[in-house]
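First up is the structure itself, then whatever we jot down about it.
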Amino acid sequence: MTSTAPASPAAIPPVLAEVVRSGFVEGHHRGSLVLLAADGSVDLAIGDPAAPVYPRSSNKPMQAAAILRAGLDLAGERLALTAASHSGEPFHLDLVRKMLAQHGLSESDLQCPPDLPLDAVEAEAYLAAGQVRERVTMNCSGKHTSMIAACAHNGWPTESYLAADHPLQLLVREVVEEAAGERVASVGTDGCGAPLMAISLVGLARAFRHFVLAPEGTAERRVADAMRAHPEFVAGTRRPDTWLMREVPGSLSKMGAEAVQAVALPDGRALAFKVDDGSTRALGPVLARSLRMLGVDAPVVDRIGRSPLLGGGVEVGEIRAAF
């Protein structure tokens, strides 16, 4: 019989958040995190933020900037929705359909999978109305609409726009590497079917910092400005990204699946983290603690940080940051 040696303690990521029920710590969420000072230097590193991760939808600002570099003319809500993981609220779906029509496209042109609204409240209302999963309802449909439109604008193939070697996706990789200041470590497939570029958490924080500090008129700054001006189109009315960008002036925030989060403040301070088990319930508490450590003092931080645990329908505990 063979035995497996236990993992080295050095290989086990540190605890970012703990699960506390009735005063008893019943679980932990581990991961890595980095905070950047205004000058871009590393102010705090927890775990291994230099290791590559898939940022998932936290890469969307870079994808949106690549779409602008490809020559597609986007601004305002349309550009914010291009960088969005939208909640599937009616105003999101309405704008996606308007964008499709504007570019002579139909929902059948989208290659993202059919899905329900990302927001649980919207998903319940959607199902109660007798509606079924659609491609336009998938949270990445704004990005996919603009990707196809950018391809058509350039005469690039539209049927293969999700291929990693497609001209648009090669441009996305170029933008990611420029913004992160490092090479893409791996290319995979995201949940929406688009190529997914792996970079480190340090690189991800650096990329968000790059976007908020970019000169006016550049693709990066245009994306950052659109997201900050129209945060409800980046996420939704019940989402922390929206709350933060609305209530902390100049902040740029974008979460990603598998519990990834990146934020940059207008003076260049930035953060990025990933919870290893992918649990999004830990996102708020870890984000709130990180923001406080960066010096953000605003009521919205308390709102973002609340992650109560229920017992019998009554609050009996919480998920709380542990660093």
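The values are calculated or read from the model by the stated rules, or taken from the named source; none is laboratory data. Worth saying up front: this structure is predicted, and the values here are computed from it rather than measured. Backbone-built Cβ (ideal geometry, glycine too); neighbour counts: all protein chains shown. Areas reflect the complete protein model, heavy atoms only, side chains present, ligands, DNA and RNA absent. Shrake-Rupley method; radii C 1.70, N 1.55, O 1.52, S 1.80 Å.
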Unique match (being under 22 Å from A264 (Cα atoms) and more than 19 Å from the chain's Cα centre (by Cα)) among A11, A51, A83, A38
A38
Please indicate, with yes or no, whether at least one residue in region 150-161 is hydroxyl-bearing (S, T, Y) and closer than 23 Å to A257 by Cα.
yes
Enumerate the strands (runs of 3 or more DSSP E) found wholly within region 213-289, keeping only those where 1 or more residues are of a type in the set (K, R) and within 17 Å of N59 (Cα to Cα).
252-256, 270-275
How many of the residues making up region 291-306 are closer than 14 Å to D241 by Cβ and either crowded, with 18+ Cβ neighbours inside 10 Å or within 15 Å of the chain's Cα centre (by Cα) (or both)?
4
Give the residue that is farthest from L79 (Cα to Cα), with candidates limited to residues of region 121-142 that are open to solvent by 50 Å² or more (accessible area, probe 1.4 Å) and β-branched (V, I, T).
V132
Considering only region 45-65, state which residues are crowded, with 23+ Cβ neighbours inside 10 Å and in a helix (DSSP H, G or I).
S57, S58, N59, K60, P61, M62, Q63, A64, A65
Does any residue in region 30-43 that is in a loop (DSSP other than H, G, I, E, B) come within less than 8 Å, Cβ to Cβ, of a residue that is open to solvent by 40 Å² or more (accessible area, probe 1.4 Å) and not aromatic (F, W, Y) six or more places away or on a different chain, and which pairs are these?
A37/D43; A37/R269; A38/D267; A38/R269; G40/R206; G40/R209
Which condition does L118 not pass, out of (1) open to solvent by 40 Å² or more (accessible area, probe 1.4 Å); (2) in a strand (DSSP E or B); (3) touching a residue at least 40 places away in the same chain (Cβ under 8 Å), if it passes all the others?
(2)
Among I12, I46, I67, which is of a type in the set (A, V, I, L, M, F, W, C) and in contact with a Leu (Cβ under 6 Å, 6 or more places away or on another chain)?
I46
Please determine whether any residue of region 156-170 is more than 28 Å from L44 (Cβ to Cβ), of a type in the set (D, E, K, R) and not in a helix (DSSP H, G or I).
yes
Subset of region 22-44 that is closer than 17 Å to K274 by Cα and of a type in the set (V, I, T) - its residue that is most open to solvent (accessible area, probe 1.4 Å)
V42
Just wondering, is there one or more residues in region 103-111 that are more than 23 Å from S160 (Cα to Cα), out of contact with any Lys or Arg (no Cβ under 7 Å at 6 or more places or on another chain) and not polar (S, T, N, Q)?
no
Condition check: modelled with pLDDT of 95 or more and open to solvent by less than 60 Å² (accessible area, probe 1.4 Å). Does L283 satisfy that?
yes
